[in-house]
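Chemist: Next up is a structure, given as structure tokens.
Where a number appears in this text, it was derived from the coordinates with a stated rule and is not lab data. For clarity, every value in this text was computed on a predicted model and none was experimentally measured. Cβ placement follows ideal geometry from the backbone for every residue including glycine, while neighbour counts extend to all protein chains displayed.
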């Protein structure tokens, strides 16, 4: 793909995701207030439409990156059980809105932690979960994680993990199973009652190929479907660091009163982030550009920084570089230890890589879900606390 195409895709992504972030954030904010049943119904309609637009944007971006070579398998160590639980957690609200029950079953035989590409594993699993919720009107969705004793690739010397997503949805006609992962059919059906791009399973098949993995399906019309995602892993022979859980648990850090700096140039996004952070009892200082963020860090100690990328006067990358140089003298923030999390509408994988290479600790793409933001903040506070103790 040309540099012009790359820039065009990036700018379109930014232009779409930023307003969707405000729309979905405002809807989330309204959920905390008293509403009449009619108002709730209207918000539900807007929420569904915004989510459909967001899903379409995500699918097109993923397909673009897969076709352009922007996504490659990059094996690294990760906690498989936590990854699965996180993927399910952020979809429970959508499932609950349809009255669906979601359960996760993890077999004790799995290799965990393991080495594979967590980005691709999470993406493929998320697509399968979204697909299950979309085509299930009543009943339940179950996720089973186990070790595959006889992997379909025949490479028995390489341990494989099987993630199975089972739903009680509408099922799939047998004559459609063979071409299920090939993307939208050339024959447009006007009888479908389901919205979307139809790219979900095509994306799964492309991601599976990158992982040297496989995906298979069993289905009966009217009875539901079972999708099995099998991928090779490497066991972790030696743990370098202590095990840190991403979510839940009894060891949640005491976060009351933590000091957060949020650098964000869009006033609507600033308002929403500030509201969500203050709802947790956290102290928040706002900056409208990187220059203001840098000046704030020179004069005040922050426990964590949320950094937008595209800002006037000084962008998030330059601000991060300069903050990392701060010694913390004179009551300011010690730049070498403060966690900095990108908060941006740039959502390509290469955008995430650039953020991390610039010196940021993590990455949140807009629209940001409130619970996801809380989880990321608590994770990095926990990690910072453990580093100080060591």
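Chemist: Below 8 Å, C-alpha to C-alpha, sequence gap of six or more: please give me the relative contact order for segment 20-175 in percent. It would help to have the intermediate numbers written out before the result.
Modeler: Numbers: 163 pairs, mean separation 30.7, N = 156.
Dividing the mean separation by the residue count of segment 20-175 yields 20 percent.
Chemist: Moving on to the next point. If R0 is 45 Å, what FRET efficiency do you get for residue 175 and residue 268 from their C-beta distance, rounded to 0.05?
Modeler: Numbers: r = 48 Å, r/R0 = 1.08.
The calculated FRET efficiency here is 0.40.
Chemist: Okay, next question. Restricting things to alpha carbons, find the Rg to Rh ratio for segment 57-113 using the Kirkwood radius for Rh.
Modeler: Values: Rg = 15.5 Å, Rh = 14.3 Å.
My calculation of the ratio gives 1.09.
Chemist: Find the percent of Cα-Cα distances in segment 31-159 that exceed 17 Å, and round it to a whole number.
Modeler: Numbers: 5713 of 8256 pairs.
Within segment 31-159, distances greater than 17 Å cover 69 percent of Cα pairs.
Chemist: Looking at segment 259-389, what % of its DSSP beta bridges pair antiparallel, to the nearest 5?
Modeler: Working: 1 of 17 bridges.
In segment 259-389, DSSP labels about 5 percent of beta bridges as antiparallel.
Chemist: Just want the ordering: 78, 302, 105, from fewest to most Cβ atoms lying within 10 Å of their own Cβ.
Modeler: Ranking 78, 302, 105 by Cβ neighbours within 10 Å, fewest first, gives 105, 78, 302.
Chemist: A further question on this structure: Output the Kirkwood hydrodynamic radius of segment 264-330, Cα pairs only, in Å rounded to one decimal. Could the numbers behind the result be given before it?
Modeler: Details: mean 1/r = 0.0808 Å⁻¹.
In segment 264-330 this quantity evaluates to 12.4 Å.
Chemist: Cut-off is 10 Å between beta-carbons; in what order do 115, 233, 301 appear when sorted fewest neighbours first? Please list the in-between numbers first.
Modeler: Working: 115 16, 233 23, 301 13.
Ascending number of Cβ neighbours within 10 Å: 301, 115, 233.
Chemist: Related question: Once the piece of chain linking residue 15 and residue 52 is laid out straight, how much longer is it, given 0.36 nm per residue of separation minus the C-alpha distance between them? Spell out each step's value before the answer.
Modeler: Details: separation 37, 0.36 × 37 = 13.32 nm, distance 1.63 nm.
Length gained, residue 15 through residue 52: 11.7 nm.
Chemist: Still on this model: Give me the base-10 log of I(q)/I(0) for segment 341-390 at each q in 0.22, 0.23, 0.31 Å⁻¹, Debye formula, one uniform scatterer per Cα, rounded to two decimals.
Modeler: Taking Cα atoms of segment 341-390 as identical point scatterers yields -0.82, -0.87, -1.12.
Chemist: Modelling each spin label as a point 7 Å along the Cα-to-Cβ direction, I'd like the residue 29/residue 354 distance in nm, to one decimal.
Modeler: About 2.9 nm separates the two model spin labels.
Chemist: Starting with the fewest neighbours, write out 268, 62, 308, 315 ranked by other beta-carbon atoms found within 10 Å of each beta-carbon. Walk me through the numbers on the way to the answer.
Modeler: Numbers: 268 15, 62 23, 308 28, 315 19.
With the fewest neighbours first, 268, 62, 308, 315 line up as 268, 315, 62, 308.
Chemist: With 5 Å bins from zero, work out the P(r) of segment 269-390 over every alpha carbon pair and list the percent per bin.
Modeler: Whole-percent P(r) values from 0 Å outward: 2, 11, 22, 26, 23, 13, 3, 0.
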